[in-house]
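*Asks:* Dumping the structure here so I can ask a few things about it.
Laboratory data are not the source of any read-out in this text; all were calculated from the coordinates shown. All values reported here derive from a predicted model rather than from experimental measurement. Note that each Cβ is placed from the backbone with ideal geometry, even for glycine, and that neighbours are counted across all protein chains shown.
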Amino acid sequence: MTIYNTPDRPDFIRQQYAFAAHIRNPEQFPCPDGIEARRMVVYRELFYNNVEAFIANTYPVLREIFVEDRWHAMVQDYFANHLAQTPLFPEMPREFLKYLEHERQPQPDDPPFLLELAHYEWIELALSLFDEKIDNNAINPTGNLLEGIPVISPLAWVLSYCFPVHKISPTFQPQQADEANPTHLVVFRDSTFEIHFIETNAITMHLLQRIAHNANQSGRSILQHIADEMNHPQPDMIVTHGEQLMKQLRAQEILLGVAR
């Protein structure tokens, strides 16, 4: 904060920077001259409490597993030192995630799943705010998923974690990552703006990834390629089961239909 408060700035701007610096970190920056300390206490508590409450609401499990003093020490460090790249209040949880990923010094007693859990909890807010228009004229919602080109919803996000982040709680805190058996989740927003989390398996994850990056292959062709990759002795079975799976995904609004 002090790097911006240079002597060449007008006095009122320097006063604003001093005011903000004290609110963010009163231990390092003294109360500006001419302002009653008692009043500054009110400002400090108001600003910090609003920021802390918003972050706690976005990361409820993270908040719950951190003891009180460690939680507030972490949020206070973010509040004092992170320079946000946006003034938009709903973007604050993303700024906090950036702080965790790139700025915060890891502590010896940090849970090993800290970053994955934070990302998982942030996803719900991110998807709720995601502004993506769906061109319904380009999609046939009842088309044949085997013969047509299946279309995945842009509001369905495919995620993989080394920890079972959707199960973590104060009573379940795994200490070892399972890179050989990652947790696969599909997070999606339906037409009523409800957010859903579904745990899935590696084959379904692979199918959705293939559909997401596909421009011209039919559903049948995608499934046949997956059967070949698996070296499955009965590829027709993969196609049959895959069709049923795609129908289920369409019913859940993860798949939107087929391209027209």
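*Asks:* Between Rg and the Kirkwood Rh of the chain, both from Cα atoms, what is the Rg to Rh ratio? Show your work: numbers first, answer last.
*Replies:* Details: Rg = 24.3 Å, Rh = 21.8 Å.
Expressed as Rg/Rh, it is 1.11.
*Asks:* Please report, in cubic angstrom per residue, the volume enclosed by the convex hull of the alpha-carbon atoms of segment 91-148.
*Replies:* Value for segment 91-148: 142 Å³ per residue.
*Asks:* Which chymotrypsin sites (Phe, Trp or Tyr not before Pro) from segment 150-220 combine a DSSP loop assignment with at most 12 other Cβ atoms within 10 Å? Could the numbers behind the result be given before it?
*Replies:* Details: sites: Trp157, Tyr161, Phe172, Phe188, Phe193, Phe197; in loops: Phe193.
Taking segment 150-220 and a limit of 12 other Cβ atoms within 10 Å, the loop chymotrypsin sites (Phe, Trp or Tyr not before Pro) found are Phe193.
*Asks:* Follow-up. How tilted is helix 219-230 with respect to the longest principal axis of the chain? Cα atoms for both, answer in degrees (0 to 90, nearest 10).
*Replies:* Taking Cα atoms only, the helix is inclined about 90 degrees.
*Asks:* With the Cα gyration tensor of segment 136-259 in hand, give its eigenvalues times 5 under a square root as the equivalent ellipsoid semi-axes, listed largest first in whole angstrom. Intermediate results must be reported in sequence, preceding the final value.
*Replies:* Values: eigenvalues 149, 79, 21 Å².
Values for segment 136-259, descending: 27, 20, 10 Å.
*Asks:* Oh, and also: So for segment 1-105, Kirkwood radius off the Cα pairs, Stokes-Einstein at 20 °C and 1.002 mPa s: how many µm² s⁻¹? Please list the in-between numbers first.
*Replies:* Values: Rh = 14.9 Å.
Once the numbers are plugged in, D ends up at 143 µm²/s.
*Asks:* A further question follows. If you put +1 on each Lys and Arg Cβ and -1 on each Asp and Glu Cβ, how big is the dipole of the chain around its Cα centre, in Debye rounded to 20? Walk me through the numbers before you get to the answer.
*Replies:* Values: 19 positive and 34 negative charges, 98 e Å.
So the magnitude is around 480 debye.
*Asks:* In straight Cα distance, which lysines are under 19 Å from Lys247, not counting same-chain residues fewer than 8 positions off?
*Replies:* Filter leaves no residues.
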